[in-house]
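Please treat every number below as a calculation from the coordinates, not as lab data. None of the values given here were measured: they were computed from a predicted structure. Counting neighbours? That spans all protein chains shown, and the Cβs are built from the backbone with ideal geometry, glycine included.
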Amino acid sequence: MADRYKILGQDNLTPADGLTELYSVPVAAAVTVGGAEVAPKVTSVLVQALVTSIIVCNTDATAGSFDIQLEAAAATSSDTYLFKVNSLSKNNTKVLSLGLTLSPGDKIRGNCTTGDCDFTVMGIEITSGGGPDV
């Protein structure tokens, strides 16, 4: 198992962008295609993520708000807003400290109502596995 501390995702958003994907947890590689074993065998790695913080910076000269949404990979789960219409003053930054655990395929999306917002998602990707025989 290996842990990678990193910037999970970054984007500069405007209202025209709408709800935009900021980070998606990688999904394990397939070892078969159409029932046949892939040759050579690909490495199958399970990745989970721990989102430690999301930083939202309003670089615009006007106040506005932002949204952050969690989209679960599970088909039975519905999308959930973590922050909805959260106010952000002009030329200001909010650091959101989280302990959010994500499974493969889960996504974080963001949106802002000002002319210019920078989003940074920080965290740890935790990997396990080493091949189809593991």
**Message:** Please list, by residue number, every one of the trypsin sites (Lys or Arg not before Pro) in the stretch 50-126 that is coil in DSSP and has at most 13 other beta-carbon atoms within 10 Å.
**Reply:** K90
**Prompt:** Working out 0.36 nm times the residue gap between S89 and E21, then minus their Cα-Cα distance, what length gain in nm do you get to one decimal?
**Reply:** 22.2 nm
**Fill in**
Once phi for every residue in the stretch 4-9 is put through the Karplus expression 6.51 cos²θ - 1.76 cosθ + 1.60 (θ = phi - 60°), the whole-Hz ³J(HN,Hα) values, with Gly and Pro written as x, are 10, 7, 6, 6, 6, x
